[in-house]
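Here the structure comes first, spelled out in structure tokens, and everything after it is commentary.
Derivation of every value follows stated rules applied to the coordinates shown; laboratory data play no part. Keep in mind that what you see is a predicted model, and the values were worked out from it rather than measured. Cβ coordinates were reconstructed from backbone atoms using ideal geometry, including for glycine residues, and neighbour counts include every protein chain displayed.
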Amino acid sequence: MVNNITRTLVQPLVGRCVTVNSKNFPDGLVVTFGFTGNLTEEIEKDFLDLFSQSLSDPIKSVLLDFSGLQRLNSIGVRSLLSLIQLIPEHVPVEYHNCVAEFIEQVNLLPFFLERGEMKSLRIEELCPNSHASFKRNLLIGTDLIPSQDVMAQVRNIPKKHCSQCGSELEQSEVASIFYAFLACIKKK
Ligand SMILES: [Zn+2]
């Protein structure tokens, strides 16, 4: 069954930095926005218009997936905020596979965590010896338990080792800054 959101949004979005998928559940649609490449200009107005018109479908939740995001600048952030603000307030918003570019903004703008729930991170780790780089997912609530003591949480993240030389991998970001958002996540 093709629902309204899929019908109106997928076609006009081919080749742009946002893709939309929706899955039908008995209690409503789960709509996923996938970001790829550079989100550095306005999300097209016709896209936002189409999205708001499609909101007549009952929506269960909206998921934002950042796994493909490479660059995000202030214009992209503004677009992202416009998109989130279109989502009706009773609809839960989730952030998945959050990459460093997005996390930096989450740490700056309280709005993101006030409106949505961070579910998982996609971090990059480097081998200090062979300089190989590895991507890895961390689940909030499993690998990272939100708490006021951010550094205690960061120390508990299981270590990974380089597949080429066995050295312990390191994250290039400063942990106390990168993971600051953990102290702001509301406990359930
Ligand atoms: Zn290595």
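Anisotropy class assigned to the chain is prolate, per the alpha carbon gyration tensor with a/c at or over the 1.5 cut-off and a/b larger than b/c.
Using a Förster distance of 45 Å, how high is the FRET efficiency between GLU89 and ALA152, based on the Cβ-Cβ distance and rounded to 0.05? Write down the numbers at each step before the final one.
Values: r = 34 Å, r/R0 = 0.75.
Plugging the Cβ-Cβ distance into 1/(1 + (r/R0)^6) gives 0.85.
The distance linking region 146-180 with region 33-91 is 30 Å (Cα centroid to Cα centroid, whole angstrom). For the pair SER56 and THR36, label points projected 7 Å from Cα toward Cβ lie 3.0 nm apart.
Tell me, in nm to one decimal, what length is gained between GLN171 and ASN21 on full extension, where the rule is 0.36 nm per residue of separation less the Cα-Cα distance? It would help to have the intermediate numbers written out before the result.
Working: separation 150, 0.36 × 150 = 54.00 nm, distance 3.17 nm.
Separation in residues times 0.36 nm, less the Cα-Cα distance, equals 50.8 nm.
By the Cβ rule of 4.7 Å, the chain holds the following cysteines without a possible disulfide partner: CYS17, CYS98, CYS165, CYS184. Of all DSSP-defined beta bridges confined to the chain, some 50% are antiparallel rather than parallel.
Taken as entire DSSP H runs, the helices of the chain that both span 15 Å or more between Cα atoms along their own long axis and average 1.0 or more on the Kyte-Doolittle scale are 74-86.
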